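Engineer: Sending over a structure as structure tokens; questions will come in a sec.
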Amino acid sequence: MGQYFADLHAGPESQLDSAPCAIPDSPESAALRGAETVEELFALAKALNFQLRYRDALEVYDRILALEPDNALAYRQRAPRFLNTLQPERAIADLLRCRELGGDEADLSYRLGIARYLSGDYAVAMSEEERCFLLVNEEMGIAVVDESHWF
């Protein structure tokens, strides 16, 4: 299995607090700094995410959405970055927007359950998890059942 994140990566002080991120660009991030197209911007966001530079990646997703306001994938990928930076309400808004745009219902319910739980809205979180459970296969169902023990 490959690495989950880059050897040179941001820490919680810059992603959860207000400390500046002093991590330099990886070669992949640096090569994409001039990104202008949506495809290049997605690649840049991915490279930044690999460095755990979620706040920087959020700025890139904002650029994507400025170019394509109805890009469901951008909302879907931006939402977890909001969770990574302890902004569950913003993640919920993105996931609901993705739902409006026709995103994968099982995936969105699962993630909305997590986001609602983190925001303290436990009843709606459980409702989303129950909704998700009805839509998924057996393997994903195990994850949903395991997650619902939080409630």
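Read-outs: derived from the displayed coordinates by stated rules, not from any lab. These numbers were taken from a predicted model, which means no experiment stands behind them. Using ideal geometry, Cβ is built from the backbone for each residue, glycine included, and neighbour counts are taken over all protein chains shown.
Engineer: Rounded to the nearest 0.05, what FRET efficiency do Glu68 and Arg33 give with R0 = 25 Å and r taken as the Cβ-Cβ distance? Could you check?
Structural biologist: Computed FRET efficiency for Glu68 and Arg33 comes out at 0.80.
Engineer: Please report the net charge: other residues with Cβ closer than 12 Å to the Cβ of Glu68, K and R +1, D and E -1.
Structural biologist: Result for the neighbourhood of Glu68: -2.
Engineer: Quick one: angle between helix 88-100 and the longest Cα principal axis of the chain, in degrees between 0 and 90, rounded to 10, please.
Structural biologist: Its long axis makes an angle of about 80 degrees.
Engineer: Counting pairs of alpha carbon atoms under 8 Å apart in space and at least six apart in sequence, what relative contact order in percent does the chain give?
Structural biologist: Taking the mean separation of contacting Cα pairs over the length of the chain, I get 15 percent.
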